[in-house]
1. So which residues in region 204-219 are part of a loop (DSSP other than H, G, I, E, B) and either at negative phi or out of contact with any strand residue (DSSP E or B) (no Cβ under 8 Å at 6 or more places or on another chain) (or both)?
2. Among the residues of region 345-380, count how many are in a strand (DSSP E or B) and touching a residue at least 40 places away in the same chain (Cβ under 8 Å).
3. Checking residue 418 against (1) touching a strand residue (DSSP E or B) at 6+ places or on another chain (Cβ under 6 Å); (2) under 20 Å from residue 359 (Cα atoms); (3) surrounded by fewer than 20 Cβ atoms within 10 Å (Cβ to Cβ): exactly one of these is not met. Which one?
4. Does residue 437 satisfy the criteria of being buried (at least 21 other Cβ atoms within 10 Å of the Cβ) and within 29 Å of residue 100 (Cβ to Cβ)?
5. So, of the residues in region 423-434 that are surrounded by 15 or more Cβ atoms within 10 Å (Cβ to Cβ) and touching a strand residue (DSSP E or B) at 6+ places or on another chain (Cβ under 9 Å), which turns out to be nearest to residue 79 (Cα to Cα)?
6. Somewhere in region 220-228, is a residue assigned to a loop (DSSP other than H, G, I, E, B), touching a strand residue (DSSP E or B) at 6+ places or on another chain (Cβ under 9 Å) and closer than 22 Å to residue 349 by Cβ?
7. For region 280-321, how many residues meet the condition of being in a strand (DSSP E or B) and farther than 24 Å from residue 357 by Cβ?
8. As an exercise: evaluate residue 246 against (1) assigned to a strand (DSSP E or B); (2) in contact (Cβ under 8 Å) with a residue 24 or more places away in the chain; (3) out of contact with any helix residue (DSSP H, G or I) (no Cβ under 8 Å at 6 or more places or on another chain) and give the number of the one condition it does not meet.
């Protein structure tokens, strides 16, 4: 069901800035519009502008380093205050990331962890911050406090944070979502352009925390709010924060990033989820098709290959589904579901698509490689050289697949039909929960406490 903007109760709002600030913002917008109407395709390919990279497949253009250690090929290490598992985003010589820093103020009694580890720090006031770093030096260029708030519930004590939603940029603006705490738009110099409160306090399963990254496409931002109450997907005008449409969703807690796909000239927004994977009309939010089959706590982002889109879950009812685009209605148990498997699917990590092959990594460190067209495995559930735990999604560049572990190592596997470990690199005592990024020939690793730039020379 689509709720037209003019008929919808105004729960959320875009905050207007002061007169002086508004004038400055309008001038900056005007200058930016003249100078950069849209980022070029070349710029989009060279940078790592959003969580799954330039093509939403987890694959970077160009090369990336293969050898490093505590003392070799680490160009810089910058300590990041607070706790945040969002991935770094890179545009030219600027890096953007988010974090949440406790202020030391407690509001209410000590929160009790759920039996599964949720609800950590739910009574602590935090500063929600957006940071920009110099890509070449690691120096902090600016740091902005988006808001100061005490969250209504906590996060998973081991894998969660209040800053797990990765930001996105187009080279003119950067957008940082803090879920229930709103979304904030800055220019590249850190001037606040607009902010929006969606009027929602998400009730996540077992208070595991929020973390779905926004998706940017052309002039629109797409965000999902899937939780255990009134879920929805919303589209915003990227320059103003104006709500373009909002569509309710019959869903419970999910963390999957929306994906914009195009088929036969029609653009759709595909969202993997527990009840049903759904596709919505780009311009209106109207439901186009849906298909059930995934399990609960859906986290991996969907990915497109030609006329196929892949949706995956890995908890309880694991499944990887290849759904053919070009259909409408309920596609469950129809020929539109071209292939599916329940073996080797991922709970947390999103897949990597490269050269017609789909790479899937489980939390326990088993890697599978499927033929994207047929689902036939080139190899399936192959274990790493030693036991590892994985929460970060794999990424790839120049024939190499990078697997960042919780246990200080990054394993590099050769892309292709045969499984081969090329090398393993270690940063002592570090743990990687955030997905790495690759841009301009460098690898960027965010640990629990720091951001690293790894280079080849």
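The values are calculated or read from the model by the stated rules, or taken from the named source; none is laboratory data. Predicted, not measured: the structure shown is a model, and the values here were computed from it. Positions of Cβ are backbone-derived with ideal geometry, glycine not excepted, and every protein chain shown enters the neighbour counts.
1. If we filter region 204-219 for residues that are part of a loop (DSSP other than H, G, I, E, B), which is where we start, we get 204, 208-214, 218-219.
Correct list: 204, 208, 210, 211, 212, 213, 214, 218, 219.
2. As a first pass, look at region 345-380 and keep what is in a strand (DSSP E or B): 352-354, 357-361, 366-371, 377-380.
Applying the additional criterion that residues be touching a residue at least 40 places away in the same chain (Cβ under 8 Å) yields 352-354, 357-361, 367, 369-370, 378-379.
The qualifying residues number 13.
3. With (1) touching a strand residue (DSSP E or B) at 6+ places or on another chain (Cβ under 6 Å); (2) under 20 Å from residue 359 (Cα atoms); (3) surrounded by fewer than 20 Cβ atoms within 10 Å (Cβ to Cβ) applied to residue 418, the lone miss is (1).
4. Here the answer is yes, as residue 437 does meet what is asked.
5. If we filter region 423-434 for residues that are surrounded by 15 or more Cβ atoms within 10 Å (Cβ to Cβ), which is where we start, we get 424-425, 427, 430-434.
Checking which are touching a strand residue (DSSP E or B) at 6+ places or on another chain (Cβ under 9 Å) leaves us with 424-425, 427, 430, 432-434.
On the way: 424: 24, 425: 20, 427: 14, 430: 12, 432: 14, 433: 16, 434: 15 Å.
This residue is 430.
6. Yes.
7. The initial filter retains those residues of region 280-321 that are in a strand (DSSP E or B), namely 280-281, 287-291, 303-305, 308-313, 319-321.
Imposing the further condition that a residue be farther than 24 Å from residue 357 by Cβ reduces the set to 280-281, 287-290.
Total satisfying the criteria: 6.
8. Checking residue 246 against (1) assigned to a strand (DSSP E or B); (2) in contact (Cβ under 8 Å) with a residue 24 or more places away in the chain; (3) out of contact with any helix residue (DSSP H, G or I) (no Cβ under 8 Å at 6 or more places or on another chain), the one that fails is (3).
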